[in-house]
Every structure is written in structure tokens, then in C-alpha cells.
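All remarks here apply to the structure that follows.
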């Protein structure tokens, strides 16, 4: 698939894993489908992917990459895991798709406390934040729950079993 001529939004996301091997996912309630996805979001003009990820995790989770990793709201940025290109028309028709870059972030367990209000987050289609085990992700996917990326159960299993890939995966969905 070629992406020449497409208007692609760039985003930074995090596979947030706690010491119990649970992943923190955000539920997005779009008019056409509900999707469970990695927290994160768009890279603003003049912002690096690292800066965008740090900002987004603070806004959406109350998680600081600048704080000590063992603090209740601190996380440690790990390896880049993948770059996923997803072609779809945004609800506002501003973009033809998105390129998500995802990093591993290790944390202690914590209760997410977004910096943004839930009204602001719902304005961005986010409806919930929940911790999931690998077994729960696999079972939910088998029951038809939609994850982004679609292959999240397999990617999560691989990372939990073998660790981060030696270099970021590249794929199109």
C-alpha cells in the first residue's frame, strides 16, 4: 500500500505495562465503533515524538515520564516497539490516516488521574481507562472487542515473553 499523497497525522503512543504485566488501555467511543487503544495522541507542530508522548500521557493518564519511575505517577520510557500506519478517514475529514509510533513504558501500578477533565477527554472520544491482563485482551479479542492495533494481543504476548523487539516493527493496518 502506498501512502503517497495522503494526509497522515503523526502520533506517539505508549504500551504502558505495570509490574503485574498488565497494560493500560484507553477506550475510544467513536460513532462507528468502540476501540481499545494505547494511550497517546497527535504530535503537535514543533514537537518531537518524545515530547508529544510525555504531554499526552500527562493529559490522559496523569503519568509523568519526567518523574522518578518508582513514584506513584512516574514512568520509564523504554524501547520503540512499532510504527503502525492506519489508513482511514478521520471524523473531521482533516486526515486520511495516522502513523502511530509506540514505545514501551514501565510503571508501578497506579490509578490514572488525567490532567484533562473527562469532558475534555470525551471531546476527544475517550470514554474510559482500564488495566488489562494479556488473558483478558486475548479473550476480549476472541469475543469481537476491537483493539488498535488489531494485532495487539499477539504483540503484547511477544513483548511479555521475549521483551521489546531489537528494532521497531513497521506495519500497515
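The values are calculated or read from the model by the stated rules, or taken from the named source; none is laboratory data. None of these values were measured; they are calculated from a predicted model. Virtual Cβ from ideal backbone geometry, glycine too; neighbours counted across all protein chains shown.
Matching residues to (1) more than 13 Å from the chain's Cα centre (by Cα); (2) under 25 Å from residue 166 (Cα atoms); (3) at pLDDT below 95:
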position	(1), (2), (3)
41	no, yes, yes
47	yes, no, yes
51	yes, yes, yes
68	yes, no, yes
72	yes, no, yes
99	no, yes, yes
115	yes, no, no
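Against the conditions (1) surrounded by fewer than 20 Cβ atoms within 10 Å (Cβ to Cβ); (2) under 22 Å from residue 172 (Cα atoms); (3) without any contact (Cβ under 8 Å) to a residue 60 or more places away in the chain, residue 43 satisfies every one except (1).
When region 128-144 is limited to residues that are in contact (Cβ under 8 Å) with a residue 40 or more places away in the chain and more than 14 Å from the chain's Cα centre (by Cα), the one that is farthest from residue 55 (Cα to Cα) turns out to be 140. For residue 36, the stated conditions do not hold, so it cannot be described as in a strand (DSSP E or B), within 19 Å of residue 168 (Cβ to Cβ) and modelled with pLDDT of 90 or more.
Select from region 129-156 the residues that are assigned to a helix (DSSP H, G or I) and surrounded by 15 or more Cβ atoms within 10 Å (Cβ to Cβ) and list them in ascending order.
As a first pass, look at region 129-156 and keep what is assigned to a helix (DSSP H, G or I): 134-142, 152-156.
Once the filter is applied, which keeps residues that are assigned to a helix (DSSP H, G or I) and surrounded by 15 or more Cβ atoms within 10 Å (Cβ to Cβ), region 129-156 yields 134, 136, 137, 138, 140, 141, 152, 153, 155, 156.
Residues of region 14-31 being surrounded by 15 or more Cβ atoms within 10 Å (Cβ to Cβ) and either within 15 Å of residue 140 (Cα to Cα) or out of contact with any strand residue (DSSP E or B) (no Cβ under 9 Å at 6 or more places or on another chain) (or both), which ones? Those that are surrounded by 15 or more Cβ atoms within 10 Å (Cβ to Cβ) and either within 15 Å of residue 140 (Cα to Cα) or out of contact with any strand residue (DSSP E or B) (no Cβ under 9 Å at 6 or more places or on another chain) (or both): 22, 23, 24, 25, 26, 27. Among the residues making up region 112-128, those that are in contact with a helix residue (DSSP H, G or I) (Cβ under 8 Å, 6 or more places away or on another chain) and either part of a helix (DSSP H, G or I) or farther than 17 Å from residue 30 by Cβ (or both) are 112, 113, 114, 115, 116, 121. Taking the numbered list (1) in a loop (DSSP other than H, G, I, E, B); (2) at pLDDT 95 or above in turn, residue 90 passes all entries but (2). For region 157-167, residues that are more than 16 Å from the chain's Cα centre (by Cα), closer than 24 Å to residue 19 by Cβ and part of a loop (DSSP other than H, G, I, E, B) total 3.
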